[in-house]
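A.B. asks: First the structure, which I've put down as structure tokens, then a few questions once you've had a look.
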Amino acid sequence: MKMRFLMTMMFAGLCVSVPRAQGAEGHAGDSGKKVASIPVDVSAFAQEIDRLVAGELKRLEQEPRPEIDDYTFCRRIHLDAIGRIPTIDELESFVSDDRSDKRARLIEQLLNSKGYNSHWYNYWADLLRVKDVGDKLHHSGNFSEWIKDSVRGNKPYNEMAHELINASGELYKPGNGATGFYAREPMPLDHLANSVKTFMGMSIECAQCHDHPYEDWTQQDFYKLAAFASKTHLRVDPLPKDEKETYAKDRRILKHRDFDEWIVYRESIRVKHAAIYGTGTGFMRLPHDYQYTDGEPHQIMEADVLFGNMPKVNYQMAKEKLESLPKHHFGPGINARRSMADWMTSADNPMFTKATVNRLWYKIMGTELVGQPGGLTLEEMGKHPALTRKLISIMKASKYDAKVFLSALFNSRTYQSKILALSTTSPAYVLDGPVVRRLAAEVIVDSFLSLKTETPDKYVATEFHWDGFTHFYEKSQDMTVKDFVDYSVKGPGRGRFQAREEREAQGRNGDMGPNELWRVSTFGRNYRRHWMAMLMGKSNRELIDGVNLEPDIPQILFMMNGLGIPEDALIYRKLSSAANHRKKMELIWKAILGRLPRDSEEPLFKNTPDDVMWALLNSNEFRFGR
Amino acid sequence: MNRRDFIYRVGMAGMSLPCLNATGASAQTSKAKSVIYIFLQGGLSQYDSFNVEVDKPVLGKSTIIKSNVDGVRVSNYYPKLARQMDQVLVLNAMKTNQGAHPAGIYKMLTGYNPRSTVTHPELGAWVNKCLTRERDSLPNFVSIGNGRAGSAGFFPGQWAALPVKDPDKGIDFVKRNESLGENAFKKRLNILDSLNKDFEKDFGSKDTRSYVDTYAGSLKFMNSNDIDAFELKNENPHIVNLYGKSEFSRSCLMAGRLVERGVRFVKVNLGGWDYHDGIYDKMPANANRLDSGLSSLLTHLGQKGLLDSTLVVVSTEFGRKPDVNPNRGRDHHPDGFTCLIAGAGVKAGQIYGSTTKDGKHADEDVLDVTDFNASIAWRLGIDPGYEENSASGRPFELANKGKAHKELFS
């Protein structure tokens, strides 16, 4: 406790509850929901991280990296906390601020801003692969909204994960969007492999079909884990009884009468009924082509975890009883899926916290604390086990509050060190700060917005947004089967009925602003509409870590020949009121690269502002974090 | 600075020679100049297409029709290709070790199993890197259609495929902005060069250099006269009329145009084959696309005299099961699936390899995915054993130890 007292002395303003920005500065401190202040331990956490890193550097006789200056810090923290470069006003305001604790204040401000919500929505949506999938997750808007709501409310990560794993019920019911995770991949065994990779960072998919070739997991282990969620399934149509009693008659009539009407009937009923069923039975059967001698096809497996503590499973049917039933029987649902969710997200699970801190470290620093985010093993603790253990304990102490964890990282000297470009001559220890890597697609595109407007985060949503599917779901609660028939035969037809619902839904959302001023996250689920971000390598959400940071010809052609900044953009307005040409040049450097020009760059001043801006925007310095 | 130096910075001289066959580039070992690689993502059902010599129940709802070659029969879903089987070699005993899509696709396209530590180049990227000459002004790896574009893996990004999402749209932003003169544009490039050189000193990495290289490649591309290759409206109407209007057909048309202009490896994506349910409702439309497009393409290449020098490949990541499942679909099946090759002197009008009659296993003349890729490379005159190192210095062979099967060719 003496330690903490000293901390309080040294970091006045960080340790007491820092007043949230009152909205006067550019970051719109109101994130839309009331959240707890960042607790006092953050500075202690940061110090602990730094102590371990310094110790390792000393042990290896490696020089510590120098600290970064205010310009570099301002640009970097904006990129990492809220996913865009600072506007010229934000940068100049920070640099000229003379308070000794301004960095800590800026970190706090950014973490509680709308920009944070936008940036981290992108991250979780990529991880969870939010995407429309035909007749499975037909429309992923509700899934998006659940993530956005969770980020706005700063839901602890373990709770988010638990909700995703254990989600049930209707897909399009507002607030129930966590069901999108299962619907995104409803093939139960693939879904299990994805969940394990997403939340525990492990690749066990090989064991789905055979004993894992080089890890310890056998096919039986896989099936035992699958037993928890057994019989969970996505059903998009009404339940058989409901179908028979309510919808079937008209469905037959429409099918014979008009294909379009039949489709509208089918699809609109699906919006009401599509749901995740099944709470997990705790029993699984080996596949019909099980090839090993340690089991038989269709043999019953009881739920078991891969490692760690087995959660309680309240069986209601004995295994012997199930053995006497035909092979499509898996037993009654007994909430075993919840038990698996408990195990997977428990603080005692040796992989959950490790995988989480590994991911967040990789996102912020660009290096592997433990290993590849989707390919960790039970034993490995990375190149600096003590640091890994420390970060795990910080995450647990923060109760999985991502903002607290990130704040600890951002406030550390380790984070605020000069960036390193990895190469064959890199030093032995590279966990002592961030490494050079390209900015994510959305970050690049959102950074263009910082050049256009004083308030790039203005139109980031603060509340639930309706879409055609959630809107129709609500309407459908009062619809009788006659209403559905009328809806199908009196509407604008198959191609347009969804568009009509979407229009009505948008009418409920109020003014969302002009889409030239939207951040990528406001475009939401339909990634195809954001072609610029796609060109920059935005994840197509097929793979869990599917971001592409590489150059290709179409991307470069766009940057060279297609990128335009509107005449009324912030940067042009600033340029027009700049005192002289030299001041214009400084402004351009600050707005785009977040720093002053170097003396060696003065020869470039002889060029026009437009030529210089084009070059700076196309430069490696702009697109790679520094 | 000399313009030519500026826009063609990467040293190409001598780079392609080590890739060539150890036996040298004689007329026989380098019969193909180009590859058109049609990738059927999702898993083509072989018993509903080109592997019909199996027990009747295996065929499900497919029926058998004769082709224009005695002894070669196909499924009723491919009536057009049935009249051109004298140009095609059917490979019915393909085998892979992967049963899920992401890994299956990766294995087929790169020859390697996916690992979390490295991403491998696709075959097209190897071909691109090995065969690109300094005088080439078009990228040698183009990918048409949706789906996985064409990764360069651990090669620098410049060897990735140029993606053409929609053949009817051509290439976006390929022309310099109208308001900008050539000199002004050059000035901008000089400023950019200066900034990048500076950044490279303290912050340079393989990734930053990859960007510099790709800018060079893009400039070259912009300035090439051959961009016309991407304008379908400039094609001879007689050739255009060989094809239907579907996107796949138009993509095949563009592929033909590109190989006519010397592009070495054109990938055309036609996905959607993953029929786990309702296969006989959903598949016929896709089969029709493939049937029409491929048939037109073979005719197109024949008319232009390009069939001898172009290897046409139709592949898929795995096949589908011999039994139809309770959802009236077929599930994945890696042990005994079907690919096709045509052109470039293949032993056309034949079937190579067979499965057991119950459709469960590849049986005779089994061809592993790695052997398949090795054979394609060999036919282009590239040594399948050619090695390159990844960023960590680890060597990888083009064909991952696959062996070229010369008996596939005359």
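A.B. asks: Just the ratio, please: alpha-carbon radius of gyration of the stretch A:85-140 over 2.2 N^0.38 Å, N its number of residues.
C.D. replies: Cα-based Rg divided by the globular estimate yields 1.75.
A.B. asks: Give the share of C-alpha pairs in each 20 angstrom bin for the stretch B:3-408, from 0 to the last occupied bin, in whole percents, shortest bins first.
C.D. replies: 27, 56, 16, 1
A.B. asks: Which of B:ASP226, B:ASP213 comes first, and how do the rest follow, when ranked by fewest Cβ neighbours within 10 Å?
C.D. replies: B:ASP226, B:ASP213
A.B. asks: Now, a different point. Quick one: check the C-alpha center-to-center distance for the stretch B:309-338 versus the stretch A:480-514, whole angstrom.
C.D. replies: Here the two parts' Cα centres lie 40 Å apart.
A.B. asks: Could you please rank A:GLU442, B:GLU122, placing first whichever residue has the fewest other Cβ atoms within 10 Å of its Cβ?
C.D. replies: Ascending Cβ contact count within 10 Å gives the list A:GLU442, B:GLU122.
A.B. asks: For the stretch A:286-373, what does the convex hull of the Cα positions come to per residue, in cubic angstrom?
C.D. replies: In the stretch A:286-373, the Cα hull volume divided by residue count equals 148 Å³.
A.B. asks: For B:ARG320, which sequence-distant residues (separation of 5 or more, or a different chain) have an amide H within less than 5 Å of its own amide H, given hydrogens modelled in the peptide plane?
C.D. replies: Amide H to amide H, under 5 Å and 5 or more residues apart or across chains, B:ARG320 pairs with B:GLN46, B:TYR47, B:HIS333.
A.B. asks: Moving on to the next point. Identify unpaired cysteines across chain B, taking unpaired to mean no other cysteine Cβ lies under 4.7 Å from the residue's Cβ.
C.D. replies: Within chain B, the cysteines lacking a partner Cβ under 4.7 Å are B:CYS252, B:CYS339.
A.B. asks: Apply the Karplus curve 6.51 cos²θ - 1.76 cosθ + 1.60, θ = phi - 60°, to the phi angles in the stretch B:358-370 and return the couplings in whole Hz, x for Gly and Pro.
C.D. replies: Each residue's phi maps through the Karplus curve to give 7, x, 8, 9, 5, 10, 10, 6, 5, 10, 6, 3, 5 Hz.
A.B. asks: Next up: Ranking A:SER577, B:SER251 by Cβ neighbours within 10 Å, fewest first, what do you get?
C.D. replies: A:SER577, B:SER251
A.B. asks: Enter the Cα centre distance for the pair the stretch B:221-261 and the stretch B:50-105, rounded to the nearest angstrom.
C.D. replies: 28 Å
A.B. asks: Taking θ = phi - 60°, what integer Hz values does the Karplus form 6.51 cos²θ - 1.76 cosθ + 1.60 yield along the stretch B:44-58, in sequence order, with x for Gly and Pro?
C.D. replies: 5, 6, 6, 7, 10, 9, 10, 10, 10, 8, 9, 4, 3, x, 4
A.B. asks: Skipping prolines and chain starts, which residues have an amide H placed within reach, meaning under 5 Å, of the one on B:ALA93, given they are 5 or more residues away or on another chain?
C.D. replies: B:SER354, B:LEU367
A.B. asks: Expressed as a whole number of Å, what is the distance separating the alpha-carbon centroids of the stretch A:134-173 and the stretch B:158-173?
C.D. replies: Computed from Cα coordinates, the inter-centre distance equals 35 Å.
A.B. asks: Report, as an integer, the average count of C-beta atoms from other chains found within 10 Å of each Cβ along A:558-566.
C.D. replies: 4
A.B. asks: Oh, and also: Normalise the Cα radius of gyration of the protein assembly as shown by 2.2 N^0.38 Å (N = residues in it) and let me know the number.
C.D. replies: Compared with the compact-globule rule of thumb, the protein assembly as shown sits at 0.97.
A.B. asks: Using modelled backbone amide H atoms (1.01 Å from N, in-plane), which distant-in-sequence or interchain residues come within less than 5 Å of A:ARG285's amide H?
C.D. replies: Those qualifying (amide H under 5 Å, at least 5 residues apart or on another chain) are A:MET301.
A.B. asks: Okay, moving on. Using Cα-Cα distances under 8 Å and only pairs 6 or more residues apart, what relative contact order does chain A have, in percent?
C.D. replies: About 19 percent, as a whole number.
A.B. asks: Step through the residues of the stretch B:80-92 one at a time and calculate ³J(HN,Hα) from phi using the Karplus curve (6.51 cos²θ - 1.76 cosθ + 1.60, θ = phi - 60°), rounding each to whole Hz and writing x for Gly and Pro.
C.D. replies: For the stretch B:80-92, the Karplus curve yields 6, 5, 4, 8, 10, 5, 6, 9, 10, 10, 8, 10, 9 Hz.
A.B. asks: Over the whole of A:420-426, what's the average partner chain Cβ count within 10 Å per residue? Rounded to a whole number, please.
C.D. replies: 4
A.B. asks: Per residue of B:214-226, how many C-beta atoms from partner chains lie within 10 Å of its own C-beta, taken as a mean?
C.D. replies: Mean inter-chain Cβ contacts per residue within 10 Å come to 3.
No lab work stands behind these numbers, since they all come straight from the coordinates. Just so we're clear, the structure is a prediction, and the values are computed from it rather than from any experiment. Quick reminder, even Gly has a Cβ in these numbers, built from the backbone with ideal geometry, and neighbours come from all protein chains shown.
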